[in-house]
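What follows is one structure encoded as structure tokens, with my remarks underneath.
The values are calculated or read from the model by the stated rules, or taken from the named source; none is laboratory data. Everything numeric here is computed off the predicted structure, so don't read it as measured data. Virtual Cβ from ideal backbone geometry, glycine too; neighbours counted across all protein chains shown. Just so you know, the surface numbers come from the protein's heavy atoms only, side chains and all, with ligands and any DNA or RNA stripped out. Shrake-Rupley method; radii C 1.70, N 1.55, O 1.52, S 1.80 Å.
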Amino acid sequence: MKKFWITTLGCKINQYESESIRQRWEQMGFEQAANDVEAHEVVINSCAVTASALRDLRQLVRSINRRNPEADIIITGCAAQVFAGELAELPGVSEVIPQDHKADLLKLDKLHDSEEKVENSDGVTIFQPFEIKDYQRARAVVKVQDGCSHRCTYCIVPITRGPSVSRKIEDILSEIQRLLDAGFREMVISGINLSHYGREFKDRPDFWDLMERIEKEFGSEWGGRARLRISSLEPGQLKDRAFEVFSSSKLICPQLHLSLQSGDYSVLKRMGRGHYKPQDALTFVEELTKIWPVFGLGADILTAFPGETEEEFNNTFEFCQKLPLSYAHVFPYSVRPGTVAAKMKGQLSGFIKKERGAKLRELVEEKKAEFLNKILGLNSLKVLFQDKNKGICEFYSTCELENGFEGAVPRELVKVVPIKILKDKLLVRILEPEC
């Protein structure tokens, strides 16, 4: 029997698509191997967002080939869309399937021998037929949107994933129901650019319309027993409709992740992101405390963009100081082929990129410690445990159980009391019900 192994690099959408492929291959009678050494076929679902992602991919291919030289390595995903020729030359690679044909992997009756493949009518504008009914992690991802039609000057994603496409609301609701029936109690509503959701539909529902439909369908029955997390929002989405949805929801976690990128408006305009101002995001976050007195806040921050002056960097640093961040992902700018920013003047040195990235990360660690101290004072938290010791609370902070579970890890949300801070996480104890 053919054994396969799938390795995923990059975003939650890649994780979701890998899971969909895994489930389909098992349905077709293939067996998932214990690791890549035992596999006949190894699929690498790749990322191309940064230069380091491509470097990691090359290293991974060579490492797998050394461990298992007989395996056929299939590379798919975003890097396969842009760097197909280069990747095909790597040792052990038998096939390179670009992102816009990744769904071909769902229809292969025999790996490599099938003549039937899933073809998009124009290669990019159809929502590919990925779906899941299970997940190999405690928190399931639900993909609702793909691609991006807003070409930020630094970003390769519109090249790798094409323009924005949205998933039908009924298909999303059906998948959430399947996951709830399968026992999942936290789902991450994910897309490449959620602000583009619904643009191509006749009635043009937006992302907040989608969240209201999900709430209407599941809120009454599942509020308090299951929860939704939103993968990443554009600051431009944080307006009255967002506030209304958060105010009325029984399912959405009190936690946001913002695709902020910079706290300096001049830099944002050069990035092609002049559709929002940093202050607008800060004002919304301050207003949000009226409905969420405590909430987790994460952000993506891209520093050392071409031409970023010391003053512009300091504006971003000072803006991040004002935000009640509980974590952040800091990315020094890296040149991506085919993007406008790759040809911009004022490319900064590696030393400046490293220095500014380190300074921001140090600030983020300080903010994270402040947030952990804040939630340490709460009476209780709700944690979804991922193994016998560790889990994630509603604010997206890591929690470690004092003694761990002796038996099976519960799949429901567990009420705990925080005890103390352990470096970058909370030590917690299960809250015993009052007699």
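Expressed as a whole percent, the accessible area of segment 363-414 that falls on carbon and sulfur atoms is 43 (1.4 Å probe). Here the extension length gained between His275 and Lys423 equals 49.5 nm, from 0.36 nm per residue of separation less the Cα-Cα distance. Its DSSP H runs of at least 4 residues, each contributing -39,500 (n - 2.57), put the calculated 222 nm mean residue ellipticity of the chain at -10000 deg cm²/dmol, to the nearest 500. If you take the Cα centroid of segment 206-223 and the Cα centroid of segment 303-330, the two points sit 34 Å apart. Fraction of C-alpha pairs exceeding 34 angstrom in the chain: 35 percent, rounded to a whole number.
Considering only Cα atoms, the convex hull volume of segment 309-435 works out to 153 Å³ per residue.
Accessible area per residue for segment 272-364 is 47 Å², calculated with a 1.4 Å probe on protein heavy atoms, without ligands, DNA or RNA. For segment 188-329, the number of Lys pairs with C-alpha atoms closer than 24 Å, counting only pairs eight or more positions apart or on separate chains, is 16. For a straight C-alpha distance cut-off of 18 angstrom, the aspartates and glutamates reachable from Lys425 (same-chain residues fewer than eight places away being disregarded) are Glu362, Glu365, Glu366, Glu370, Asp387, Glu394, Glu400, Glu402.
Packing around the peptides 266-278, 419-431, 37-49, taken as the average count of other Cβ atoms within 10 Å per residue, puts them in this order, highest first: 37-49, 266-278, 419-431.
Here's the list of lysines a cross-link from Lys3 could span, going by alpha-carbon distance under 23 Å and ignoring same-chain residues fewer than 8 apart: Lys102, Lys107, Lys110, Lys117, Lys133. Peptides 398-409, 65-76, ordered by how many other C-beta atoms sit within 10 Å of their residues on average, highest first, read 65-76, 398-409. Each part gets one Cα centre, and for segment 133-164 versus segment 83-108 those centres are 18 Å apart.
Can you give the extra length, in nm with one decimal, that the chain gains between Arg66 and Ser220 once fully stretched, where that is 0.36 nm per residue apart less the Cα-Cα distance?
Numbers: separation 154, 0.36 × 154 = 55.44 nm, distance 5.32 nm.
Fully extending the segment from Arg66 to Ser220 adds 50.1 nm.
For the chain, the relative contact order comes to 10 percent (Cα pairs under 8 Å, sequence separation of at least 6).
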